[in-house]
Amino acid sequence: MGFWSKFLKLDRRWVFLMIGLSVLIPLVARISMPTAVTPPVQNLFDAVDAIEPDGKPLMLAFDFAPDTEPELMPMATAILRHCFAKGIKVILYGGLYPQGAGMAQLALEEVTAEYDAESGIDYVFLGYVPGAGAVVLSMGEDIKGTFGRDYYGVRLDSLPMLNGVRNYDDIPLVVDISGSSVPILWVLYAGARYGQEVGVGTTAVSAAQYYPFLQTGQFAGMLGGLKGAAEYEKLNEDAGVRQIRKRASIGMGSQSIAHILMIALIVLGNIGYFVTVRKGRNA
Amino acid sequence: MLSLRSPIPALLVCLLLSTPVFLQAQETEIPDPPPPPRNVVARDNPDDGGHAVMVTWDLSEDDFEGGRVRGYAIHRSVDGEEYEYVGYVGKGTSEFRDTREVLGNVPYYYKVLARSRNHGDSEFSAPSAPAISRAQVFHMGRLNAAIATVLFISLILYYVRSARRGKELFIRRIAGLDAVDEAVGRATEMGKPILFVPGLSTMSDVATIAAINILGPVAKKVAEYDSSIIVPNRNPIVATVTREVVKGAYVEAGRPDAFNEDSVFFITTSQFAYTAAVDGIMVREKPATNLFLGMFWAESLILAETGAATGAIQIAGTDAVAQLPFFVTACDYTIIGEELYAASAYLSREPRLLGSLKAQDWGKVLILFFVVAGTVLGLMKIEFLSNLFNV
Amino acid sequence: MNISTNVWVWIASGFTLCIYSFLYGDNPFYRFAEYLFVGVSVGWAMAVVWYNSVIPKIWTPLAENNQYWVVLPCLLGVLVFSLFTKKQSWLVRWPIAFVMGASAGIAVPVDFQGYIFEQLQGSMLTVLNVSNAVAFIGVVTTLLYFYFSKEHKGVFGRFAGVGIWFIMVAFGASFGYTVMARISLLIGRMQFLLHDWLGIIE
Amino acid sequence: MGILMMVQFFIPHPLSTRLYRAVLDSMIIIGVFMLVFAWRSLAYFHINRIRRRTEHWWYSYLTFTGWIVTAALGIGLGIGAGTPHQLIFNHILIPLQATMFSLLAFYIASAAFRAFKARNLEAGLLLVAAVVVMLGRVPIGQMIYSRLPEVVEWIMMYPNMAAQRGILLGVGLGMISTALKIIMGIERGYLGGGD
């Protein structure tokens, strides 16, 4: 057995160990990397920035679950910080699936620890109602009617921030944060049907699929993966938004090293493959 | 005067006086508000159930990149005298849809002013002529979607009907499918089984249905070649369906006795436990061919990796776009997206599958025509074709 | 070093380590975490549905707002349970047909607008440059690849062949992004262990 | 039903809107019942495991314990900030689910090494594009070649977008035709049992 074929039969636990270390070491050694801002992120930032302070609210939909939390939560907190720092009102919407409300709650806890924001005045938190697409459509008719009460059980009619907010006409931008195909639901139902402007924050997996919608303007902007969140954090920083912990930016060093390792593995694997195949042919 | 004698009220007065003065001082330092927008027009918002008025205006002369205008505030009146604030839009926008408690059959007047960040507000524009909101019965803006829907329905009905009447509808060969025959033959030669994974989703998934349509002919071939097939399932309902399908295929091949009841089975609904179990089967049984057809999620790469390591010929097909890259790199043949549906129609020859596939092909021809024609016209700056598809 | 004193953080990190133990091989720790996970997530969702839909959508309209039409969809919903019986299980077709029919009806025009019209409009060029031309060729050839009524031969076959190249580049991009996503997740968990639990890093 | 909802889209009249709202609410309500049914199936599955003493059967008790305790705490004590419900979510559900999926990072690495081969020209092209994108989307790529992020953005915006759009148009047609077939009663597979 030659070197390459032995190499290819390496116990995969060694590979597991390598990946683990490639993430761990840069985190502990605090290797940081500069981040360049890409147009889709800039566009989303600008769209949020254009919302009038103390005017109509931005809607931030949390359509993600813990499995994508590490990528998507930094986006949510970065956007929330941006809004609270500028005095932009926010409707946090727990999203179309049950677990989203928990994520929204977490994001609020983190950001309200840094900014004085009060429920009903600076933000409103809407919970989960089953029905997915039906709920998105329903909000186009009447938001208060769809939910009735906020996440804490307070009647929406009694919240000052929602005075004059009836449906999508009163929401300049919806940003949907999701790792699934939910943003398409927003584009189709809120966007196509009600003309709502929609932005998206999504996982790196889904990002590639959303470029067609970006190009047509169906999405106002997009944050893709941890890198997208790090870019937003950078824009926040440039705009003077106070952020205590820039979680996404910190992770960029590990991300770089792990990618390099991954590429090295693919290249080595392929070299091994061609060498062994050729040997197999000659023999 | 009395109040000034004691220090506290005096302080209060000072404060009260100084605050607005101070604020005003900051604002009046840079007066020079932008010019107001012009030509404000209000009319009934089209295509709605009433309760909305569309207001449009010409942008303020100072509304450009770097200009002073930050946005526009829209004010409304029912009598042309008392105006109330109804909404705000950002700069560069010249229309506003007023839906704030708009009543039907009441005339509304509108005025718009431009706002700036540091230069105060402009004067009001001249008021618009009155507009009355009414409900419409048909949404003219959606006429295009209505026409497309009707057209597509007729296409489907026509082709499904002609397929039912037994008309031959041509479908091109699918590369991965041809490999199935070869793979079944190889399995027989080697005396090893074929593994068929019908995806991890439920019966309501189109991909699962497509996979089962492919399973039938494959199982039949296996029966004819006297080879064997293993079908592990993640969904109990899918398991009962696949069992019936495989059994039926053996009967059709004239070898009902050769069907092994234990070859089609349900494992568990847990995603990763199922994956681990299928991995185990691949390692132990070393199937000659692995077919992964249907809906897959994150487990796709784990399955394909293990299969590749066992040296089996692997054919995968799914409409889960995010998983296709892993199948392409780790499998020998991959049936991509829509090809899976085409493959199921190709093999099953079911009229409703064939018919709708044909209708979809015509849809693609129409799309291609519009894309090409629209581009040719668009490059000549004629945009009427493109405008047909406004939503 | 700033180790967490929060008992919940300890629980969370305990579970995290239980799951990672699977990398070495299947073991009781992993199974413990896995089975508990299934139960907890269902129980959690139950409470959410109770407060966010049973109460506001069924209880409140019936008991407080006198909207008795709500009874109708409830009856339809109850038919779902006909699946428990062998003989009456066909009744389940009513609620399913209602939901499927209604959502299909809502979807069709919306799909036309969102998937077809806007994408179509976006594909029509108005400015000619290299990038736009690449995009144009990409859309056309990809569509041709998925045209099933003609064999991939001759000129048509060559076009469809270009289409598959475009598809592969797109898959490559999506592959890259997927790798990125999984690593980000791993980073997230590592940050949790090192920052929230052990307090070693910032 | 479907035809009704389809026609509704084209009619903006208030009456049509009111009907539409009622249908939407009904869908939400039926959704609740379907969820209940799904839960029952899961319970049934685990009860069976315990009865039949399948391998690792006693772990099913764990599932039930988790289930009952969480549901009781949630319904009994309410949901929202500071409740046990929220704590369980933050400290049990999140770590478990996130960790499950982060395992995939390890598996991709192992698959990258052993399975992702340039078997043919197409797969080769795929891998090259993947490597470029992976490099271009992290800061280190920018250090290697300063314009790499732009290159990747171009790939995403043009060739990738074009292919995705082509696939999307096809998928869109497919979804529409499935929906239409359901409305017209041609497609009944979703009712179970086939036709």
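The values are calculated or read from the model by the stated rules, or taken from the named source; none is laboratory data. Since the model is a prediction, treat every value here as computed from it, not as a measurement. Please note: Cβ atoms are built from the backbone with ideal geometry, for glycine as well, and neighbour counts cover all protein chains shown.
Just a few scattered comments:
- Residue match in segment D:117-125 (condition: under 22 Å from C:Met180 (Cβ atoms), in a helix (DSSP H, G or I) and more than 7 Å from every other protein chain (Cβ to nearest Cβ)): yes
- Matching residues, segment A:75-88, being crowded, with 23+ Cβ neighbours inside 10 Å and more than 15 Å from the chain's Cα centre (by Cα): A:Cys83, A:Ile88
- All of (1) over 30 Å from D:Ile30 (Cβ atoms); (2) in contact with a helix residue (DSSP H, G or I) (Cβ under 8 Å, 6 or more places away or on another chain) hold for C:Gly14 with one exception: (2).
- Residues satisfying the stated conditions in segment B:317-334, i.e. touching a residue at least 60 places away in the same chain (Cβ under 8 Å) and touching a Ser or Thr at 6+ places or on another chain (Cβ under 8 Å): B:Gly317, B:Thr318, B:Ala320
- Restricting segment D:171-195 to residues that are under 14 Å from B:Ala210 (Cβ atoms) and not in a helix (DSSP H, G or I) leaves a set whose member that is modelled with the highest pLDDT is D:Glu187.
- Residue list for segment B:195-205, restricted to those being farther than 15 Å from B:Asp319 by Cβ and modelled with pLDDT under 95: B:Met203
- Residue in segment A:196-203 that is in contact with a Lys or Arg (Cβ under 8 Å, 6 or more places away or on another chain) and either among the acidic types (Asp, Glu) or free of Cβ contacts under 8 Å to residues at least 60 places away in the same chain (or both) present: no
- Every residue from segment B:325-344 that is within 8 Å of another protein chain (Cβ to nearest Cβ), closer than 25 Å to C:Phe112 by Cα and not in a loop (DSSP other than H, G, I, E, B): B:Ile336, B:Glu338, B:Glu339, B:Tyr341, B:Ala342
- Boolean, A:Thr216 is modelled with pLDDT of 90 or more and within 12 Å of chain C (Cβ to nearest Cβ): no
- Selection status of A:Val124, in the same structural domain as A:Gly217 (by TED's automatic domain parsing), surrounded by 23 or more Cβ atoms within 10 Å (Cβ to Cβ), among the β-branched types (Val, Ile, Thr) and not in a helix (DSSP H, G or I): yes
- One residue from C:Trp50, C:Trp59 being without any contact (Cβ under 8 Å) to a residue 60 or more places away in the chain, within 9 Å of chain D (Cβ to nearest Cβ) and of a type in the set (Phe, Trp, Tyr): C:Trp50
- Close pairs (6 angstrom Cβ cut-off, 6 or more residues apart or separate chains): over 30 Å from B:Asp332 (Cα atoms) and not assigned by TED's automatic domain parsing to the domain that holds B:Val222 in segment B:155-182, modelled with pLDDT of 90 or more and part of a helix (DSSP H, G or I) anywhere: B:Leu155/B:Ala359; B:Leu155/B:Trp362; B:Ile156/B:Ala359; B:Tyr159/B:Lys358; B:Tyr159/B:Ala359
- Options C:Gln121, C:Gln88; residue that is more than 30 Å from D:Ala162 (Cα to Cα), among the polar types (S, T, N, Q) and more than 23 Å from the chain's Cα centre (by Cα): C:Gln88
- Answer from B:Ala211, B:Ala148 - the residue that is in contact with a helix residue (DSSP H, G or I) (Cβ under 9 Å, 6 or more places away or on another chain), within 14 Å of chain C (Cβ to nearest Cβ) and of a type outside the set (S, T, N, Q): B:Ala148
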